[in-house]
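One structure is given below, encoded as structure tokens.
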Amino acid sequence: MSKFVITIDGPAASGKGSLSQKISKELNFYYLETGIYYRGFADLFHKNEVNGSDLTSFISNLKIKYFEEYIKKNNKKLYSTKVTKLASKLAKKVEVRLFIVKIQQEIIMKLDKKFNGIILEGRDCGTVIAPEADLKFYLTSHLKVRAERRFKQFVQDKKDISYEKVLNDLRERDIQDKSRVHSPLQKPKNAVVIDNSNYKFEETINIVKNIIFSRIPTLKNKT
Ligand code: C5P
């Protein structure tokens, strides 16, 4: 690999999205939010009223360019509770995973020279998409802490949802993501594990940045 590849895996609402976004910007890395592909797929699946038994032919007829454009255009609506639940359900299907992982691996291969590297964030980044990554993180925090953070975010966005519902949805998603047969969420081998339950966002950023600079010192000169 000529460019640096960093993976950040972890459960829903562990803060890995905001962290990856911030660090990518600071280090001039491309940020790949892998979950949005499962969300986009779920939304298209629903929109096209695909029957479970038609999944294989739906995938073989789905043009990658159209799929990627669809995700870009519909980005905002892909975070609804309905899409989130369906994404997690469809993410269990091996044919869906193979289709999406291939697209994501191509993104790494064709990375524009202007970037110092790429940060992949999701569930299977260090285990399946980029097992040879230069540096892997597993970011987590207690379920209740994650639920509180997500609930606060929803309140800010004026979304009408109770804390209990947020907690239960996250718990359910954790179970689905960790117990599925294909590419379950797990700590990748050699990953640096960070439990950020007691850290503020900025503290986690600094911890992760220090680890990146200590493991890949040449990056310091490039930022
Ligand atoms: O990361 P995000 O919460 O947007 O992902 C939505 C869902 O997509 C997850 O709950 C998970 O089931 C699935 N996903 C996955 N593998 C990834 C990223 C997301 O299975 N790499």
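Rule-based calculations on the coordinates, nothing more; no lab input. In this text the structure is predicted, and so the values were computed from the model without any measurement. Please note: Cβ atoms are built from the backbone with ideal geometry, for glycine as well, and neighbour counts cover all protein chains shown.
Provide the gained length on full extension for the span Phe201 to Asn28, in nm with one decimal, where the gain is 0.36 nm per separating residue minus the Cα-Cα distance.
Working: separation 173, 0.36 × 173 = 62.28 nm, distance 1.98 nm.
Difference between extended and current length: 60.3 nm.
Taking 0.36 nm per intervening residue step and subtracting the Cα-Cα distance, what contour gain separates Lys77 from Lys178 on full extension?
Going from the current span to full extension adds 33.8 nm.
With the cut-off at 18 Å, tell me which of the pairs Lys65/Lys110; Lys85/Lys187; Lys93/Lys165; Lys16/Lys89; Lys47/Lys178 have Cα atoms farther apart than that.
Lys85/Lys187; Lys93/Lys165; Lys16/Lys89; Lys47/Lys178
Return the distance in nm (one decimal) between the two label points of a simple spin-label model at Asp134 and Leu62, each offset 7 Å from Cα along Cα→Cβ.
3.2
Lys222 label point, 7 Å along Cα→Cβ, cut-off 20 Å on backbone N: hits in segment 166-194?
192
Given the options Thr127, Thr34, Thr81, which has the most mean-square fluctuation in a GNM of the chain, springs set between C-alpha atoms less than 10 angstrom apart?
Thr81
If you build the Cα gyration tensor of segment 92-208 and take the root of 5 times each eigenvalue, what three semi-axes come out, in whole angstrom, biggest first?
Calculated on Cα positions only, the semi-axes equal 27, 19, 15 Å.
Between Glu95 and Arg171, what's the calculated FRET efficiency when r is the beta-carbon distance and R0 is 35 Å? Round to 0.05.
The computed FRET efficiency comes out at 0.80.
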